[in-house]
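I have placed the structure first, in the form of structure tokens, so that the comments after it can refer back to it.
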Amino acid sequence: MDLFEEKAEAGGKRPNRPAAENRGAAPLATRMRPVSLEEFVGQRHVLSEGMLLNRMIRTGTIGSVILYGPPSSGKTTLANVISREIDARFVVLNAVLDGIKELRAVVEEARTRERMQQTRTILFVDEIHRWNKAQQDALLPHIESGLLTLIGATTENPYYSLVSPLLSRCQLFELLPFDEADLITLLRRALADRERGLARFNIEIADDALHHFASYAAGDIRNALNALEMAVLTTDPDETGTRRVSLSVARESIQKRNVRFSQQGDEHYHYASALIKSLRGSDADAALHWLAAMLEGGEDPQFIFRRLLIFASEDIGMAEPKALELVKACQHAFETCGMPEGLYFMSHACLYLALCPKSKSTKAIFKALDHIRKSGPGTVPPHLRDKTANKLKARYESSDNPSEQYLYPHEYPNNWVAQQYLPEEFPGLKYYEPGSSPVEERLNERLRRLRGG
């Protein structure tokens, strides 16, 4: 008994019950990890009977694989299941903590085991995207020779985060967030398990409380299980010894809905793409939905404003030239006022862009660039060349000054005069295709009148 326990006893107070009950125990999410393929719930798209990964595990014919998906989608758990299901030495490295030195040690031990015991080695590298190109390349010869079988886990899209030679040597399996039905199954399993779970506490949980845990966890089983454990351990038993977990208790234990979002992960790009496509489709409600999802997920507001600025020219452009000016004004107002008032300015910009007429005519620049890259720019017509250079050249050569042939538009009615501006090699080039919005049609009607068209 230590000093603090003596004081508690003298004062007639019990030791903190939840701490005493849970002292030294791993979190519920860790204790409830499946230990066999039969226990694994979810990921039916890769683990159902007859699917490749299922066949690989059951036959022990494991080639190098990359498991990628959001946090708490079961990557590490599945690797542990594989390690139990097959007859192989299983070694774990964490790319955050371990590097080339630790990999070399694994390789040397694998060589020894293979030579002395004919034992194969499976290397599990967690967070493999954290390894740089040199570290990833160091795996290649050992995978190629068959000395190591790699199981890599990553929350990042492997097509972006892993080197191509490594990808070409691995099977890729994407794991998805657990759906609500899967989460409820796993929560009920934890409640019923006396050895690893919570059954020893004699729990009664309301259905709406269980669904609240599953819904607010948003596919994150670790979040759901740990919130359930918190609810149980902080609920006092009644006179019958039953701990009753109500919806209000569940709400206190998992107060904020989990939003699956990473500023480097696929969600970052998926949400941004959904926002832009909703704006392009003039769906203000959908645009606000994805804007809110990005903000709630922790996206940098300046990243959002940069995308809105691009959209203002790329997808609205000449249809409403003031769009760019308005987004810049909202961005400046946001920087001036900060949050939470800054939400008004983000909403203002988002709604305006969604409701604006659309035009893609500014993309004409890419047609021009394509032509220049394929055919070159051509020759600048003499009358368009620099006036000073033309004058010096004419004086030196005692020739006519071509600049004198240039027609100054401001000296003509409506500040316009017909003359050749394109190179003589490409006199009929046409990049710009006017949009059909009222503003752009009005501007082009003016040009047609000037040209006498």
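FYI, it's all coordinate maths here, none of it is from the lab. Given the structure is predicted, the values throughout are model-derived calculations rather than measurements. Positions of Cβ are generated from backbone atoms using ideal geometry, with glycine treated the same way; all protein chains shown enter the neighbour counts.
Would you list, by chain and number, the aspartates and glutamates whose Cα falls below 16 Å from the Cα of K387, excluding same-chain residues fewer than 8 positions away? Excluding near neighbours in sequence, the set is E397, D400, E404. In the chain, a dipole from Cβ-located charges (positive for Lys and Arg, negative for Asp and Glu) runs towards its positive end, and of A329, F40, A29 it is A329 whose Cα lies farthest in that direction.
Averaging sequence separations of C-alpha pairs under 8 Å and six or more residues apart, then dividing by the length of the chain, give the relative contact order as a whole percent. Dividing the mean separation by the residue count of the chain yields 11 percent.
So I have [x] 58; [y] 50; [z] 70, and one of them is percent of Cα pairs over 28 Å apart calculated from this model. Which one is it? For percent of Cα pairs over 28 Å apart, the calculated option is [z].
Packing-wise, with mean Cβ within 10 Å as the measure, how do 371-377, 178-184, 280-286 rank, highest first?
Values: 371-377: 10.7, 178-184: 18.6, 280-286: 14.1.
Highest-to-lowest ranking by the protection proxy: 178-184, 280-286, 371-377.
Amide H contacts of L93: F124, V125, D126, each under 5 Å away and 5 or more positions distant or on a separate chain (H built 1.01 Å from N in the peptide plane; Pro and chain starts excluded). In this structure the amide hydrogen of V245, modeled in the peptide plane, comes within under 5 Å of the amide hydrogens of E204, I205, A206, none closer than 5 places in sequence on its chain. Using only side-chain charges placed at the Cβ, +1 for Lys and Arg and -1 for Asp and Glu, the dipole size of the chain relative to its Cα centre rounds to 1080 debye. 3J(HN,Hα) along the range 409-419: x, 5, 8, 10, x, 6, 6, 8, 8, 6, 6 Hz, from the Karplus curve 6.51 cos²θ - 1.76 cosθ + 1.60 with θ = phi - 60°, whole Hz, x for Gly and Pro. Think of the range 75-136 as having a plus end and a minus end, set by charges on the Cβ of Lys, Arg, Asp and Glu; of N132, S83, V96, N132 sits farthest toward the positive end of this dipole.
Relative contact order for the range 43-174: what percent, with Cα pairs under 8 Å and sequence separation of 6 or more?
Numbers: 196 pairs, mean separation 44.9, N = 132.
Here the relative contact order equals 34 percent.
Taking the range 350-370 and a reference point 7 angstrom along Cα→Cβ of Y431, the backbone N atoms nearer than 11 Å belong to 362-370. Ranked by the mean number of other Cβ atoms within 10 Å per residue, highest first, peptides 295-305, 111-121 order as 295-305, 111-121.
Arrange I203, I128, I310 by Cβ neighbour counts within 10 Å, fewest through most, would you? Kindly include the intermediate steps, with their values, before the conclusion.
On the way: I203 20, I128 26, I310 13.
Taking fewest neighbouring Cβ atoms as first place, the list is I310, I203, I128.
DSSP bridge analysis restricted to the chain gives an antiparallel fraction near 0%, rounded to the nearest 5. Residue by residue, the range 86-98 carries 3J(HN,Hα) couplings of 10, 8, 7, 6, 10, 10, 10, 10, 10, 5, 6, 9, 10 Hz when phi is fed to the Karplus relation 6.51 cos²θ - 1.76 cosθ + 1.60 (θ = phi - 60°); x denotes Gly or Pro. Note on E441 and E296: the model spin-label points, each 7 Å out from Cα along the C-beta direction, lie 4.0 nm apart. Taking the Cα centre of the range 266-355 as reference, the dipole from Cβ charges on Lys and Arg (+1) and Asp and Glu (-1) amounts to some 260 debye. Positive-end ranking of S248, L343, S168 along the dipole of the chain, with charges on Cβ about the Cα centre, is headed by S168. Within the same chain, aspartates and glutamates fewer than 8 places from K328 are excluded, and of the rest, those with a Cα less than 18 Å from its Cα are D300, E314, D315, E320, E341.
For the range 211-352, averaging the sequence separation of C-alpha pairs within contact (under 8 Å, six or more residues apart) and dividing by the residue count gives a relative contact order of 17 percent.
Using only side-chain charges placed at the Cβ, +1 for Lys and Arg and -1 for Asp and Glu, the dipole size of the range 368-448 relative to its Cα centre rounds to 180 debye. Partners of K322 within straight-line reach, counting lysines whose Cα lies under 20 Å from its Cα and excluding those fewer than 8 residues away in the same chain: K358, K360, K363. The GluC sites (Glu not before Pro) of the range 401-442 that meet both conditions, a loop assignment by DSSP and at most 16 other Cβ atoms within 10 Å of the site Cβ, are E424, E425.
Suppose the chain between R31 and N415 were pulled fully straight at 0.36 nm per residue; how much longer would it get relative to their current alpha carbon spacing? Walk me through the numbers before you get to the answer.
On the way: separation 384, 0.36 × 384 = 138.24 nm, distance 7.95 nm.
Value of the extension gain: 130.3 nm.
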